[in-house]
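Student: My structure is below; once you've seen it, I'll send some questions.
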Amino acid sequence: MTRPGRPALLRAGLIIVGGVILFVVLVGFGGAQVEAPTVGLAFAGTMLLYALRRLFLVAAALGRSGDVTDLGLGRVSKRELRDEKRRLLRAIKELEFDYGMGKLSKADYESVSSAYKMRAIEVMRALEGNADLHPEVAAILRGESPGSAGSASAEAAESDRGAERGAPSAGTDEPSAASADAGTACPSCEVKNDDDARFCKHCGTALEHA
Amino acid sequence: MTIASLGSLTILLIFLMSIVTVGLSVAGAYRRSPRLIEGGVQGLYATFGLAAFASSLIVYAFLSGDFSIQYVQHTSDSAMPLFYKITAFWGGLDGSLLFWVLLHTLFGALAVRANRKRHRELIPHVVAVLSAITLFFAGLLLFLKDPFAPYLIDIPTTGKGLNPLLQNFYMIFHPPSLYLGYVSLAVPYAFGMAALISGQVDANWQRSVRRWVLFSWIFLSIGLILGGLWAYEELGWGGYWAWDPVENAGLLPWFTTVAFLHSVMIQERRGMMKVWNVSLIIISFLLTIIGTFMTRSGVVQSVHAFGEDSDLAWTFGAFMLVIVVFSFGLVIWRRPLLRARGELESALSREFAFLVNNWLFLTCAVFVLGATMWPTFIEWMQILVERYPNALGWIDPGERMVIGPPFFNRYMRPLGLALLLLTGVGPLLAWRKTTGANLIKQFTGPLVFGVACTIAPVFLEIDSPWGLACFGLCGFTFWTIVQEFYRGIILRRSRRPQGFIEAMSGLLLKARRRYGGYVVHLGIVLMFFGWAGNAYKIERKTQLQPGQSYELGAYTIRHDGLRVTEDWQKEMITADLAVLKDGEVVDVLTPARWWYYQLPDQPTTEVSRYMTAGEDVYASMQEVDLSTGWTQLSLFINPLINWIWIGMMVMLGGALVCVGTRKSEGDDD
């Protein structure tokens, strides 16, 4: 999977700059006769290459073995994350309020709120500085979210189990790294947290102190 | 393989790729499969790549003069300057549809790329909606209007050339700018639909589309004003806006996007008007399609519609119906999620001012749309009555009539002034409720200045009630903006001692959205100030021979002779008109008629004007008799007209300040 970002832009920029330099060299030193249609044709050729590359990427995306859950948030600033967290929590609260008032059907409430909650957890985790999510946590979160009764969430859980199989290596080393520190283990994901932590830093479960 | 067949093949690929992308995204969203979703996203990029390839092919065909392609032959010739050869790409109907697809896929790709991490839940739905729209336009290109359609026999060797009226500086940027505005509105629409489908209808999706809408709005504004400048400089009837259906088509989404940009603030602040905001986005998008329909299908008669085509009309009609049913169906389905959280607490609140603003803008849009389409409705009724005399014989649709500028002006003038009043009143009101003491404190200054501005022009012998009302409201609104800035600056300086300029730029940069908005309002005030000049414009038609003079207001126009010149493209007759004020020559105007060799029966009118801050002296030549020297001239004095263009600049500057808002700054308004 390609992750469009600065390297891709940089590459595109380099290709353009290279093309321009080649053009200048050809015209200036090689004495080539370059006319507008030639430039147009060269441009069309470039566009053709781009289109073909993208078509190839469609096939590549489809041909990947297994589903890899991409829960990373990419390059998003801390400030933006905090902002989004606040917004998400508000949205969840409003949704609960609406549900309590009987404005929403149960299925609607569950499917929408579970999506929000997943996102909120991701954002909070990204704020903590962990880029990728422990696959087990993802599975548990989705599987045990309030939406597990609804059909949509069941389906989500199913696809997540697929995801789990697909990416076992993504996060296996993470908990072991965390377990090096002393602290309270989270009952649901077994990640070690600071002694004074009230909630798990990975999954948000409330921690019980002995 | 010829360019023509390669191009047609590419369009077929765009069509197929759109189907694939829609399929992948819908399946991916339904099964929550990242693999399929990723495939869909890449498919969207691929569609853009293909569209870019097809477009560069047609540009290549123009550059190399491949007249075996009908479209190239119709809109260009080998003698045209290079620049016009490239812009001829969107000079005709077929090419402009391809240009549409190109921009649409480009914006789609950019929007998805920018938001795929931030709004992961929405992305597959966004991709599906965007690709479905691409599918429609690609279908049009494929089945109805193939820009690559070749001549099968009798391949011509020369082109017909682009209409000389379109070979004008403003015309190069006017259509693409309107297009940018039109097409980019599909992105907010797709996000709105995605929010509805996924049920995540909080203010989040709007934050990501607010800037897109602002972007569309900026380009619509630029497009409209360039169209106005083009009409003013090229058509030679002394005005800039004639309520032509095609101009109106650009104005309609402009109204609704302004309404959205205001009402979205209420949703962010108070959680109200969710259905309304989604509906505004849907309506704006629908209006862009209606606008395309009006300009492209030729059902509405206009200066620059592209000729009649009933197949295209029916296709567009069906597409619009699908959009309406789909979008509003989703709104109805998701209505439980879209309930309002707050309530209006007082009529003296900013929410209420925004609400009235929205009603007025929507009224404007509905009125303009209705009046533009009315003659066409009458015509359709006539056709229906003729076809089914038994069932519909009792209806008398009447004659197809022409609804002209006076009709529009009569109703739009009060609406416009009401909006100007709101522009002034709105910012003075507080959220939720404004108290009496507050009211007095806020309104005294603006009211006094407004009244002064109403009375002052009377001493300059201006007695048109509309003009006076407009001046007064401009003064009122102007003062509110000044007051807001002044109070903001005082506040900043009281917190930390700093210079005046520093405090002001601090205001603009720290609360961009609010103060950027005020700058936009200032631009609007200046534009209204310019429009007010219409109330006392002078318009004369006269015949002059060389040596004769004509009194025009405070000026004297003296005919100094005629010149006949020619270049490789055209023959030109130019009149030299000296403009005298108080007996001194201040400028020489050179209105002209140009006969292009390509289109000798369609001479163009070249306007000449003497510009000052206060007024334009504007001359255009209608008829000329070279043997006797009789020259028929249209002479105008357009007071304050240049303030419209200045206001436009200010408005765009303000809009750019707003666009610069960082995402996290949304709450500073």
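Laboratory data are not the source of any read-out in this text; all were calculated from the coordinates shown. These figures come from a predicted structure and were not determined experimentally. Every residue, glycine among them, receives a Cβ derived from its backbone with ideal geometry; neighbour counts consider all protein chains shown.
Student: Tally Lys/Arg at +1 and Asp/Glu at -1 over every other residue whose Cβ is under 14 Å from the Cβ of B:T2; what's the total? Could you put the intermediate results ahead of the total?
Tutor: Values: positive: none; negative: B:D66, B:D146.
Net local charge, B:T2 excluded: -2.
Student: How big, in percent, is the set of alpha carbon pairs in segment B:537-643 lying more than 20 Å apart?
Tutor: 38 percent
Student: Where the centroid of each part is defined by its Cα atoms, how far is segment B:156-195 from segment B:587-626 in Å?
Tutor: Distance between centres, Cα-based: 27 Å.
Student: Moving to a separate point now. What is the Cα radius of gyration of segment B:544-584 over 2.2 N^0.38 Å, N being its residue count?
Tutor: 1.45
Student: For A:90-100, what's the mean count of beta carbons from other chains sitting within 10 Å of each residue's beta carbon? Could you put the intermediate results ahead of the total?
Tutor: On the way: counts 4, 5, 1, 0, 5, 5, 0, 1, 4, 1, 0.
Whole-number average of other-chain Cβ neighbours for A:90-100 is 2.
Student: If a/c stays under 1.5 just call it rounded; otherwise compare a/b with b/c (prolate if a/b is bigger, oblate if not). Do that for segment B:143-186, with a ≥ b ≥ c from the square roots of the Cα gyration tensor eigenvalues.
Tutor: In terms of gyration-tensor shape, oblate.
Student: OK, next. What is the sum of charges around B:A554, taking Lys and Arg as +1, Asp and Glu as -1, for the other residues whose C-beta is under 10 Å from the C-beta of B:A554?
Tutor: Values: positive: B:K581; negative: B:E551, B:D582, B:E615.
Once all neighbours under 10 Å are counted, the net charge is -2.
Student: Quick one: if the Förster radius is 30 Å, what FRET efficiency do A:A42 and B:I153 give, using the C-beta to C-beta distance and rounding to 0.05?
Tutor: 0.40
Student: Please grab the % of Cα pairs in the protein assembly as shown that end up more than 48 Å from each other.
Tutor: Across the protein assembly as shown, Cα pairs with separations above 48 Å total 32 percent.
Student: Next question, about the same structure. Which value at 222 nm does chain B reach when only helices count, each DSSP H run of 4 or more adding -39,500 (n - 2.57), with the total divided by all residues and rounded to the nearest 500 deg cm²/dmol?
Tutor: Result for chain B, helices only: -21000 deg cm²/dmol.
Student: For B:E539 and B:W431, FRET efficiency with R0 = 45 Å and r from the beta-carbon atoms, rounded to 0.05?
Tutor: 0.45
Student: To continue, here is another question. What is the sum of charges, Lys and Arg at +1 and Asp and Glu at -1, for the other residues whose Cβ falls under 13 Å from the Cβ of B:Y151?
Tutor: -2
Student: Could you tell me which of rounded, prolate or oblate describes chain B, using a ≥ b ≥ c as the square roots of the eigenvalues of the alpha-carbon gyration tensor, with rounded for a/c under 1.5 and, failing that, prolate when a/b is larger than b/c and oblate otherwise?
Tutor: Oblate, because a/c is 1.5 or more while a/b does not exceed b/c.
Student: Read phi for every residue in segment B:498-506 and hand back ³J(HN,Hα) as whole Hz from Karplus 6.51 cos²θ - 1.76 cosθ + 1.60, θ = phi - 60°, with x for Gly and Pro.
Tutor: 7, x, 5, 5, 4, 4, 5, 5, x
Student: Right, another one. Within chain B, what's the longest run with no GluC sites (Glu not before Pro) in a DSSP loop and at most 15 other beta-carbon atoms within 10 Å? Give the range, please.
Tutor: Details: sites that count: B:E308, B:E343, B:E345, B:E399, B:E461.
Counting at most 15 other Cβ atoms within 10 Å as exposed, the longest clean stretch of chain B is B:1-307.
Student: Set the Förster distance to 56 Å, then compute FRET efficiency between B:V322 and B:R495 from the Cβ-Cβ distance, nearest 0.05.
Tutor: Efficiency, from the Cβ-Cβ distance: 0.50.
Student: Place a label point 7 angstrom from the Cα of B:T444 along the Cα-to-Cβ direction, then list the residues of segment B:478-513 whose backbone nitrogen is under 20 Å away.
Tutor: B:478-491
Student: Pop a pseudo-label 7 angstrom from the Cα along the beta-carbon direction at both B:V564 and B:T628 and give the gap in nm to one decimal.
Tutor: Taking the simple label geometry, B:V564 and B:T628 are separated by 1.7 nm.
Student: Pull up the cross-link candidates among the lysines for A:K201, meaning alpha carbon to alpha carbon under 25 Å and not fewer than 8 places away within one chain.
Tutor: Partners within reach: A:K78, A:K85, A:K93, A:K117, A:K192, B:K117.
Student: Within 10 Å of each Cβ in peptide B:53-64, how many partner chain Cβ atoms are there on average? Round it to a whole number, please. Kindly include the intermediate steps, with their values, before the conclusion.
Tutor: Working: counts 10, 4, 3, 9, 6, 2, 7, 10, 3, 3, 8, 6.
What the average comes to for B:53-64 is 6.
Student: Could I ask something else about it? In terms of the ratio Rg/(2.2 N^0.38 Å) built on C-alpha atoms, what value belongs to segment A:6-63?
Tutor: The reported ratio for this selection is 1.43.
Student: What is the mean number of Cβ atoms from other protein chains located within 10 Å of the Cβ atom of each residue in peptide B:26-37, rounded to a whole number?
Tutor: 5
Student: Can you give me the three principal axis dimensions of segment B:1-145 from its C-alpha atoms, in Å, biggest first?
Tutor: 55, 26, 22
Student: While we're here: Just check segment B:519-595 against the gyration tensor rule for me: Cα atoms, a ≥ b ≥ c as the square roots of the eigenvalues, rounded for a/c under 1.5, and otherwise prolate or oblate depending on whether a/b exceeds b/c.
Tutor: Note, shape of segment B:519-595 comes out oblate.
Student: Right, here's the next one. Enter the Cα centre distance for the pair segment B:1-76 and segment A:14-62, rounded to the nearest angstrom.
Tutor: Rounded to whole Å, the Cα centres lie 18 Å apart.
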